[in-house]
Amino acid sequence: MAERVVVPDVRGLFVGPCLRAVGDIGLHMQMAVLTENPMPVEGLVTDQSPPPGTKVRRSSTLTVKVWHPPRRPGVGR
């Protein structure tokens with residue numbers, strides 16, 4: 001098995017498919033949630049680090065920024 005892998009472009013994916021894509025090649029994922037009071041729905045990946053195409057060690061961490069629609073005041077509480 002290769003020691004290094006190429007980071008995929010996961011921008012535009014929802015968190016579930018992103019986790020699968022990253023896990024399939026042996027990377028770990030760390031999420032930074034961008035929305036202060038998010039709705040309880042699956043978030044959308046808007047950015048990532050390291051960038052797509054970068055070669056990293058298998059088992060490295062990919063940090064993704066995740067956007068959720070904001071919860072409307074007074075709804076769902």
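The values are calculated or read from the model by the stated rules, or taken from the named source; none is laboratory data. Because the structure is a prediction, the values reported are computed rather than measured. With ideal geometry, Cβ positions are generated from the backbone for all residues, glycine too; neighbour counts draw on all protein chains shown. In case anyone asks, the SASA skips ligands and DNA or RNA and just uses the protein heavy atoms, side chains included. Shrake-Rupley method; radii C 1.70, N 1.55, O 1.52, S 1.80 Å.
Looking only at the stretch 33-45, which residues are open to solvent by less than 70 Å² (accessible area, probe 1.4 Å) and over 11 Å from the mean Cα position of the chain (by Cα)?
Across the stretch 33-45, the qualifying residues are Thr35, Asn37, Pro38, Val41.
How many residues are at pLDDT 95 or above, under 15 Å from Arg58 (Cα atoms) and not charged (D, E, K, R) when one looks only at the stretch 1-18?
4
For the stretch 51-62, enumerate the residues that are surrounded by 13 or more Cβ atoms within 10 Å (Cβ to Cβ) and closer than 14 Å to Gly12 by Cα.
Selection gives nothing.
Could you tell me which of the residues Gln48, Gln30 is polar (S, T, N, Q), part of a strand (DSSP E or B) and open to solvent by 40 Å² or more (accessible area, probe 1.4 Å)?
The match here is Gln30.
Return the residues of the stretch 42-77 that are modelled with pLDDT of 95 or more and among the hydrophobic types (A, V, I, L, M, F, W, C); say none if nothing qualifies.
Leu44, Val45, Val56, Leu62, Val64, Val66, Trp67
So for the stretch 20-33 (the condition being at positive phi, at pLDDT below 95 and out of contact with any strand residue (DSSP E or B) (no Cβ under 6 Å at 6 or more places or on another chain)), does at least one residue qualify?
Checked against the condition, which is being at positive phi, at pLDDT below 95 and out of contact with any strand residue (DSSP E or B) (no Cβ under 6 Å at 6 or more places or on another chain), the stretch 20-33 yields no hits at all.
Looking at this structure, is Thr35 of a type in the set (Ser, Thr, Tyr), within 30 Å of Gly74 (Cβ to Cβ) and assigned to a loop (DSSP other than H, G, I, E, B)?
Numbers: of a type in the set (Ser, Thr, Tyr): yes; within 30 Å of Gly74 (Cβ to Cβ): yes; assigned to a loop (DSSP other than H, G, I, E, B): yes.
For Thr35, the condition - of a type in the set (Ser, Thr, Tyr), within 30 Å of Gly74 (Cβ to Cβ) and assigned to a loop (DSSP other than H, G, I, E, B) - is met.
Name the residue, out of Val10, Val6, Val22, that is hydrophobic (A, V, I, L, M, F, W, C) and open to solvent by 50 Å² or more (accessible area, probe 1.4 Å).
Numbers: Val10 fails: open to solvent by 50 Å² or more (accessible area, probe 1.4 Å); Val22 fails: open to solvent by 50 Å² or more (accessible area, probe 1.4 Å).
Residue meeting the stated conditions: Val6.
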